[in-house]
Amino acid sequence: MTDKDKSSDTALRVDAVIVGAGFAGLYALHQLRRRGFSARVFEAGRGVGGVWYWNRYPGARCDVESMQYSYSFSDELQEEWRWTERFAPQSEILSYLNHVADRFDLRRDIAFETRVTSVHYDEDTRLWNVRTDLGESISAQFCIMATGSLSAARVPDLPGIETFAGDTYHTGDWPHSDVDFAGRRVGIIGTGSSAIQAIPLVAKTAAHLTVFQRTPNFVIPARNQALDAVAERFWKDDYPAHRSRAREIGTFYEFSDKAAFDVDEEERAQEYARRWAEGGVNFVHAFKDIYLDKAANDTAADFVRARIRDAVRDPAVAEALSPRDHPLGTKRICVGSDYYETFNRPNVTLVSLRNEPIEAITPAGVQTSAREYAIDTLILATGYDAMTGALLRMDIRGRDGQTLREKWSAGPRNYLGLMTSGFPNLFIITGPGSPSVLVNMVIAIEQHVDWIVACIDALRDRGMSTIDASPDAEDAWVGHVNAEAHLTLFPQANSWYLGANIPGKARVFMPYVGGIGRYRKICDEVAANDYKGFRLSLALS
Ligand code: NA7
């Protein structure tokens, strides 16, 4: 009997289905169970971890410091877990999530290696019918999409890619065994965060590495190091206070109350140099107007371009690596180790695709408009169909059979990022319209899950069966998210925040730039105000 046969006749019923077992799905399961709700989690991977399960490429690590990139809901958990580095590597974050799954006994409600294929709303029963690729069918009052913002890996439509004779890997779907680059001519397409982490390590072992760069990015040095006991105690001795501040600001960065031109050139340079020496994305918070004022932003961008010239010996290569087409930070800022220095190695070649675009992938390598580059191993560090991709690859249908794909054809529309009108009782964690990828994801996840679980609890207490966003509230929220984004420099870059990396995707700035503190307050006020902007309906008798 195959798994398909075994499960095709099961028709289960739970209070909530959760899609995904990463940070969001695990926490949602834990909180729902604590309140006495039954839940079933479906996870495509063989284990927990979400993005940290799939992203195993060399150098994969988080760019938020490890003492902050962790759950805050359990004092015991945050006290007992020991992070070993300032920025945790993927393997350690995955171990942490496995520890969480074991410690809170979460695995028994998770179906692994199971992908949700369809999620259909039944108006008569007011239930969601969920089907999986194993043929399992389950119905639930609530559906919680914990599908991740950067989880639908994107393979670009490069002509001939299927003819390539060597090995191909995507950074977002990396093998679970070591990939050996020794003696191989490796090509990597893309220079986003993933590539920037992988390039220095691949270059160390490959016979040759050719980097195919379309858009240069700003890379701030990570200055990663072992986490010493003093740093650990700094956090652990006062975790509650640090966490509560992080809930307001997203991540515990050193923000500035000065604008870039409040100080003279020398003081500005000193501030940038200090933050550059400390490492990490704190650099972009050197002045409060870096994301708001192009002239202020230029001062930070000039500083980074000067550091690129310092690091890279060949001036032509340094110039090719220097971003000039978008303000600093408007494509997600990258944090790396020895990234620019790697281009001094004799076995590394930078190919600027702005000068010589890729025409095709051939069996032997990459053909640009200038020449063919012989490649044995091709790494696609080409990113994701961000924020909406994982949702839209499921067949999600709400009231009157309307598909989410139709509803979002001109860009995602929802209220508070949490619910989209016409899809009652379907919640989205850290999706478009919420701060999500602009803040520490774990903080954003905890805020969303806490709000959603409290909402489900409130419905039960009041004898209500459904909650749905009202179209008016949704329109107003979409307008607000858009207006806030346009007060910043963010829309000036062709970024995945805007869907610009996916041909044909609607160009809408997706995350909410208003900050997690402000957003949290809005969500809390809505709940306190009898779920203003939502429509609640009584349970079926
Ligand atoms: P990103 O940041 O989306 O980077 C993808 C890179 O791949 C980027 O440099 C793209 O260039 C490049 N790309 C994509 N398609 C192509 C084609 N067709 N030809 C050439 N180059 C291409 O993904 P990452 O995985 O690095 O990082 C994702 C997030 O994960 C990151 O922001 C962190 O939050 C963690 P482009 O810039 O579009 O010109």
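The values are calculated or read from the model by the stated rules, or taken from the named source; none is laboratory data. The model shown is predicted, which means the values in this text are computed figures rather than measured ones. Positions of Cβ are generated from backbone atoms using ideal geometry, with glycine treated the same way; all protein chains shown enter the neighbour counts. Heads up: the accessible areas ignore ligands, DNA and RNA and are worked out on the full protein's heavy atoms, side chains in. Shrake-Rupley method; radii C 1.70, N 1.55, O 1.52, S 1.80 Å.
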Problem - In sequence order, calculated HN-Hα J values of the stretch 288-305 (Karplus, 6.51, -1.76, 1.60; Hz; x Gly/Pro) - result: 6, 10, 4, 8, 10, 10, 4, 5, 5, 4, 4, 5, 6, 5, 4, 4, 5, 4
Practice task
Ignoring everything but the protein chains, give the 1.4 Å probe accessible area of Ile396 in square angstrom, nearest 10.
Solution key: 0
Practice task
On the full set of protein chains, 1.4 Å probe, figure out the accessible area of Glu79 and give it in Å² to the nearest 10.
Solution key: 80
Handout entry: Where labels lie 7 Å past Cα in the beta-carbon direction, separation of Asp167 and Asn344 in nm
Key = 3.0
Exercise for the section: Could you order Met441, Met387 so the one with the most accessible surface comes first? Probe is 1.4 Å. Expected result: Met441, Met387
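Quantify, in whole percent, the carbon and sulfur part of the accessible surface of the stretch 215-354 (1.4 Å probe; protein heavy atoms only).
51
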Practice task
Using packing as a proxy for protection, rank 191-197, 70-76 so that the peptide with the highest average count of other Cβ atoms within 10 Å comes first.
Solution key: 191-197, 70-76
Practice task
Would you check the accessible area of Ile429, probe 1.4 Å, heavy atoms only, in square angstrom rounded to 10?
Solution key: 10
Practice task
Under 1.5 on a/c is rounded, so check that first for the stretch 489-541, then, if it is not, pick prolate when a/b is larger than b/c and oblate when it is not; a ≥ b ≥ c are the square roots of the alpha carbon gyration tensor eigenvalues.
Solution key: oblate
Completion exercise
Residues meeting the amide H criterion for Val335 (H placed from the backbone, H to H distance under 5 Å, 5 or more places apart or on another chain) are Ile220
Fill in the blank from the handout: Nearest 10, in degrees from 0 to 90: the angle of helix 239-249 to the longest Cα principal axis of the chain is 80
Handout entry: For the chain, projected area of the alpha-carbon convex hull averaged over all directions, nm²
Key = 25.7
Fill in the blank from the handout: Within the stretch 1-142, the percent of DSSP beta bridges that are antiparallel, given to the nearest 5, stands at 50
Handout entry: Where labels lie 7 Å past Cα in the beta-carbon direction, separation of Phe255 and Ala527 in nm
Key = 2.2
Handout entry: the chain: angle of helix 90-103 to the longest principal axis, Cα-based, in degrees nearest 10
Key = 20
Handout entry: Unit charges at the beta carbon, dipole of the chain: most positive-side option, Trp81, Thr205, Met419
Key = Met419
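To the nearest 0.05, what FRET efficiency results for Met464 and Glu113 with a Förster distance of 30 Å applied to their C-beta separation? Before the final figure, lay out the partial values.
On the way: r = 35 Å, r/R0 = 1.18.
FRET efficiency, Met464 to Glu113: 0.25.
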Handout entry: CD proxy at 222 nm, helix term only [per DSSP H run n ≥ 4: -39500 (n - 2.57); per residue of the chain; nearest 500]
Key = -9500 deg cm²/dmol
Problem - Estimated vicinal HN-Hα couplings, Hz - the stretch 64-77 in sequence order (Karplus 6.51, -1.76, 1.60; Gly, Pro = x) - result: 9, 4, 4, 5, 9, 8, 7, 5, 10, 6, 10, 4, 5, 4
Fill in the blank from the handout: the chain accessible area per residue, 1.4 Å probe, protein heavy atoms, integer Å², reads 41
Problem - Carbon plus sulfur fraction of accessible area for the stretch 1-159, probe 1.4 Å, in percent - result: 46
Fill in the blank from the handout: For Tyr373, the residues 5 or more places away or on another chain with a placed amide H closer than 5 Å to its own amide H are Val366, Gln367, Thr368
Practice task
About the Cα centre of the chain, how large is the charge dipole given +1 on each Lys and Arg Cβ and -1 on each Asp and Glu Cβ? Please answer in debye to the nearest 20.
Solution key: 480
Exercise for the section: Answer rounded, prolate or oblate for the stretch 365-420, using the Cα gyration tensor with square roots of eigenvalues a ≥ b ≥ c: rounded when a/c is under 1.5, else prolate when a/b is larger than b/c, else oblate. Expected result: prolate
Problem - Per-residue HN-Hα couplings for the stretch 142-153 [Karplus 6.51, -1.76, 1.60; θ = phi - 60°; Hz; x = Gly/Pro] - result: 10, 10, 10, 8, 10, 8, x, 8, 10, 10, 9, 4
Practice task
Hey, can you grab everything whose amide H is under 5 Å from the amide H of Val348? Only 5+ residues off in sequence or another chain; H modelled, so Pro and N-termini drop out.
Solution key: Leu209
